Amino acid sequence: QLTIQEQIKGDDNSRAPFGLGLLFHYQPLTRLTLNGLGLSLQLDSGRWLRAGFGYHFSSNNLLDLPYKTHTISLQIAAGYGVGTGPFAFWIGAMLNPMFVIRNSPEESLWNMGFATGLLGHFDYHIKPDFALRLAVSGGVNAILFANNVMQAAPTFGMGIGLIWKP
């Protein structure tokens, strides 16, 4: 005999209005880095909103400069999700403001920027309250440099982790 929670597994309408999780990220390319790794704390609010607070690190960059890059970001996204059985899919528009710190042996440089584009989540509910999440994002990354110079470049990232949905 199944509980009501188990019978509705994967249906976000009947779940609590929030989810909380931890994701590990890989970003093959941003404006200033190559092959960045990171962590983010994710918050789901119903079917419509997603938010995440993240940190990314990279020791490689496009120009092969001796910088190590640290990025602290707050990702906010609005979209819509559907679910059936153990599967759920969510897609939406994202805005990701960030601080970028580049350290070299001689100096530390602080920059601000943002990424915008699309964010998609694919959840597989391994238990009624826990889902394995695959997240994919892509769009444009813009960084503000000295003298108010802004440069934009494509960005792509992916993440995997666990989401708790009580």
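The values are calculated or read from the model by the stated rules, or taken from the named source; none is laboratory data. Every value quoted in this text rests on a predicted model; they were computed, and no experiment measured them. FYI the Cβ positions are ideal-geometry reconstructions off the backbone, even for glycines, and counts take in every protein chain you see. Note: areas computed on protein heavy atoms with side chains; ligands, DNA, RNA excluded. Shrake-Rupley method; radii C 1.70, N 1.55, O 1.52, S 1.80 Å.
Quick one: net charge around GLY52, please, counting Lys, Arg +1 and Asp, Glu -1 for every other residue with C-beta under 14 Å from its C-beta. Let's see the in-between values first.
Working: positive: ARG50, ARG133; negative: ASP44.
Net charge around GLY52: +1.
Each semi-axis of the equivalent ellipsoid for segment 16-166 is √(5λ) with λ an eigenvalue of the Cα gyration tensor; in descending order they amount to 31, 15, 12 Å.
For the chain, the solvent-accessible area with a 1.4 angstrom probe is 55 square angstrom per residue.
Give me the extension gain from PHE87 to VAL140: residue separation times 0.36 nm, minus the current Cα-Cα distance, reported in nm with one decimal. Could the numbers behind the result be given before it?
Values: separation 53, 0.36 × 53 = 19.08 nm, distance 2.88 nm.
Taking 0.36 nm per residue and subtracting the Cα distance, the gain is 16.2 nm.
Using 0.36 nm times the number of residues separating LEU132 and ASN148, minus their current alpha carbon distance, what extension gain do you get? Intermediate values should be presented prior to the final figure.
On the way: separation 16, 0.36 × 16 = 5.76 nm, distance 4.12 nm.
Answer, rounded to one decimal: 1.6 nm.
Computed in the context of the full set of protein chains, the accessible area of the chain at 1.4 Å probe radius has 70% of its extent on carbon or sulfur. Can you give the local net charge around ARG133? Use residues other than it whose beta-carbon is closer than 11 angstrom to its beta-carbon, Lys and Arg +1, Asp and Glu -1. For residues surrounding ARG133, the net value is 0. Subtracting the Cα-Cα distance of LEU63 and LEU39 from 0.36 nm times their residue separation leaves 6.2 nm of extension gain. Spin-label pair ALA51-TYR80: with each label point 7 Å from Cα along the Cα-Cβ axis, the two points sit 2.3 nm from one another. Local charge for SER40 was computed over the other residues whose Cβ lies under 15 Å away, with Lys and Arg +1 and Asp and Glu -1, and equals +1.
Take the Cβ atoms of SER108 and TYR26, set R0 to 22 Å, and the FRET efficiency comes out at 0.35.
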